[in-house]
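S.K.: I'd like to ask some things about the structure below.
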Amino acid sequence: VINMSELDLAGKRVLIREDLNVPVKDGAVTSDARIRASLPTIQAAVAAGAKVMVMSHLGRPIEGEYAEEFSLLPVVKYLQDNTDLTVRLEKDYLAGVEVNAGEVVVLENVRFNKGEKKDDETLAKQYAALCDVYVMDAFGTAHRAQASTHGVGVHAPIACAGPLLAGELAALGKALNNPQRPLVAIVGGSKVSTKLTVLDALSKIADQLVVGGGISNTFVAARGNNVGLSLYEKDLIPEAQRLMEALDIPETVDVRTGKNFSDQEPAVIKAANEVQDDEEIMDYGPKTAENVAAILRNAKTILWNGPCGVFEFDNFSKGTEVVARAIAESDAFSIAGGGDTLAAIDKWGLEDQISYISTGGGAFLEFVEGKVLPAVAMLEARAAK
Ligand code: 3PG
């Protein structure tokens, strides 16, 4: 694909699609990771003398309707308060936008436009008409074939990849194609069902697969243990057994349990085969966490998605903390992705010690599954012409 850095942007109208889909509370951005990751691209375009427009979605509004809670205004305020950029929000842009040199115009949530999600051609052409160069930089939304991520790139005079997207593809490619071994993949989160395809894909390429969180509870049950009130998926026990036969998956030998799902609940440590009917597994026990940490210390490449317990509750955060610290301390090339995973890394301030932090959630998983990301396929097709 063509990279933005190869193009002369001086005086050009440049439309950059970022993934600025960040959490917002009471009108303020609560996690700025995706904004910070997008900034170098925006700043580079401004420095190159482009007339810069930035577009993104935020949340999942009813399409075609303006709703204040999904406005990009908090993101614009963040940029005004935290950067040297001159930024304004434009609500009405489909018929054309005036951009002054040195200014960044953020186009209001693309999902307020009818046809955005179904990649409507008329809308895509309207976006394309705004610019001389379209820059696809939203790795986190590259798995969506929508008008602002895909169709616009088909119709724009020039379509290229931004440095964030290119960097994500390079880092993930490094971990997945020809990785330094052992490659250890650690997949947590609540459900096997939502991660089954990624677990399957990783079982073929990883040397070891570690499971955590609610996912690990299904594996605990698959080993014949009572899991009491724990979050687990009975229907997926055969899948868990199949994965355990295909690959070495370290056993969750001990757990932290509680009787109430609450941040006040004290954690009780017990062997995985001693969980009672009125108890819920909410974290690894210390032995399991230490076993997993030892595996991670030995790894040369690590892929991490999903927390290992209810890390939002301090009493049940230890397993995730031990894992996060082991990854941070390891010399391996480590990649972490997914919203909860990033929140966990943030909780212990370990950002700088992970080799690469992906801005993708769903896109990260689909890339790991080996799926073609439609926005990337579009850029490849444009570059081939
Ligand atoms: C994400 O947060 O994973 C991306 O921004 C995509 O959002 P979506 O799932 O609403 O398309």
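The values are calculated or read from the model by the stated rules, or taken from the named source; none is laboratory data. Quantities reported herein were computed from a predicted structural model and do not represent experimental measurements. Backbone-built Cβ (ideal geometry, glycine too); neighbour counts: all protein chains shown.
S.K.: Looking at the range 175-195, which of its residues are over 17 Å from the mean Cα position of the chain (by Cα), part of a helix (DSSP H, G or I) and farther than 23 Å from Glu321 by Cα?
M.R.: Ser193 - this is the single residue of the range 175-195 that is over 17 Å from the mean Cα position of the chain (by Cα), part of a helix (DSSP H, G or I) and farther than 23 Å from Glu321 by Cα.
S.K.: Kindly indicate whether any position in the range 26-47 is outside any helix (DSSP H, G or I) and touching a strand residue (DSSP E or B) at 6+ places or on another chain (Cβ under 6 Å). Write out each step before concluding.
M.R.: We begin by selecting, within the range 26-47, every residue outside any helix (DSSP H, G or I); these are 26-32.
In the following step, the residues that additionally are touching a strand residue (DSSP E or B) at 6+ places or on another chain (Cβ under 6 Å) were identified as none.
No, the range 26-47 contains no residue that is outside any helix (DSSP H, G or I) and touching a strand residue (DSSP E or B) at 6+ places or on another chain (Cβ under 6 Å).
S.K.: Just to be sure before I move on: is Val105 assigned to a loop (DSSP other than H, G, I, E, B), assigned by TED's automatic domain parsing to the domain that holds Ala159 and β-branched (Val, Ile, Thr) in the structure I sent?
M.R.: no
S.K.: So if I check each of Ala221, Ala271, which one is touching a strand residue (DSSP E or B) at 6+ places or on another chain (Cβ under 6 Å) and farther than 16 Å from Ser203 by Cβ?
M.R.: Exactly one of Ala221, Ala271 is touching a strand residue (DSSP E or B) at 6+ places or on another chain (Cβ under 6 Å) and farther than 16 Å from Ser203 by Cβ, namely Ala271.
S.K.: Next up: Right, Ala175: within 13 Å of the ligand (Cβ to nearest atom) and among the hydrophobic types (A, V, I, L, M, F, W, C) or not?
M.R.: The answer is no for Ala175.
S.K.: Report every pair of residues separated by at least 6 positions or lying on different chains whose Cβ atoms are under 6 Å apart, first residue within the range 129-146 and in the same structural domain as Gly115 (by TED's automatic domain parsing), second of a type in the set (Lys, Arg) and within 14 Å of the ligand (Cβ to nearest atom).
M.R.: Met136/Arg17; Ala138/Arg17; Gln146/Lys117
S.K.: State all residues of the range 114-150 that are part of a loop (DSSP other than H, G, I, E, B), more than 13 Å from the ligand (Cβ to nearest atom) and under 13 Å from Leu94 (Cα atoms); if no residue qualifies, say none.
M.R.: Within the range 114-150, Lys114, Gly115, Leu130, Cys131 qualify.
S.K.: What's the total number of residues in the range 246-280 that are over 29 Å from the mean Cα position of the chain (by Cα) and part of a helix (DSSP H, G or I)?
M.R.: Qualifying residue count, the range 246-280: 3.
S.K.: While we're looking at this one, here's another question. Suppose the filter is more than 16 Å from the ligand (Cβ to nearest atom), under 17 Å from Gly167 (Cα atoms), modelled with pLDDT of 95 or more and surrounded by fewer than 19 Cβ atoms within 10 Å (Cβ to Cβ); does Ser334 pass it?
M.R.: no
S.K.: A further question on this structure: Could you list all residues from the range 17-44 that are among the hydrophobic types (A, V, I, L, M, F, W, C), away from the ligand (no atom under 16 Å from the Cβ) and out of contact with any Lys or Arg (no Cβ under 9 Å at 6 or more places or on another chain)?
M.R.: Filtering the range 17-44 for residues among the hydrophobic types (A, V, I, L, M, F, W, C) gives 20, 22, 24, 28-29, 33, 35, 37, 39, 42, 44.
Next, from what is left, pick out any that are away from the ligand (no atom under 16 Å from the Cβ): 28, 39, 42, 44.
Selection gives Leu39, Ile42, Ala44.
S.K.: Still on this model: Among the candidates Glu351, Glu274, Glu312, single out the residue that is among the charged types (D, E, K, R), surrounded by fewer than 19 Cβ atoms within 10 Å (Cβ to Cβ) and not assigned by TED's automatic domain parsing to the domain that holds Ser216.
M.R.: Glu351
S.K.: Out of (1) buried (at least 16 other Cβ atoms within 10 Å of the Cβ); (2) at pLDDT 95 or above, the odd one out for Asp235 is which?
M.R.: For Asp235, the failing item is (1).
S.K.: Can I ask one more? Exactly one condition in (1) within 16 Å of the ligand (Cβ to nearest atom); (2) assigned to a loop (DSSP other than H, G, I, E, B); (3) within 17 Å of Asn177 (Cα to Cα) is false for Phe364; which is it?
M.R.: Evaluating Phe364 over (1) within 16 Å of the ligand (Cβ to nearest atom); (2) assigned to a loop (DSSP other than H, G, I, E, B); (3) within 17 Å of Asn177 (Cα to Cα) leaves (2) as the failure.
S.K.: While we're looking at this one, here's another question. Please indicate, with yes or no, whether at least one residue in the range 72-80 is within 16 Å of the ligand (Cβ to nearest atom), of a type outside the set (Ser, Thr, Tyr), in a helix (DSSP H, G or I) and modelled with pLDDT under 95.
M.R.: Checked the range 72-80: no residue is within 16 Å of the ligand (Cβ to nearest atom), of a type outside the set (Ser, Thr, Tyr), in a helix (DSSP H, G or I) and modelled with pLDDT under 95.
S.K.: Here is a follow-up. Just give me the residues in the range 205-222 being assigned to a helix (DSSP H, G or I) and either within 16 Å of Ser334 (Cβ to Cβ) or touching a residue at least 24 places away in the same chain (Cβ under 8 Å) (or both), in sequence order. First the steps, then the outcome.
M.R.: Our first condition is that a residue be assigned to a helix (DSSP H, G or I); within the range 205-222, this holds for 205, 213-222.
Within the range 205-222, Ile205, Gly213, Gly214, Ile215, Ser216, Asn217, Thr218, Phe219, Val220 meet the criteria.
S.K.: Okay, moving on. (1) away from the ligand (no atom under 16 Å from the Cβ); (2) surrounded by fewer than 22 Cβ atoms within 10 Å (Cβ to Cβ): which one isn't true of Ala156, the others all being true?
M.R.: With respect to (1) away from the ligand (no atom under 16 Å from the Cβ); (2) surrounded by fewer than 22 Cβ atoms within 10 Å (Cβ to Cβ), Ala156 is out only on (2).
S.K.: When you check Val14 against the structure, is it under 15 Å from Tyr134 (Cα atoms) and either modelled with pLDDT under 95 or more than 16 Å from the ligand (Cβ to nearest atom) (or both), yes or no?
M.R.: Criteria met by Val14.
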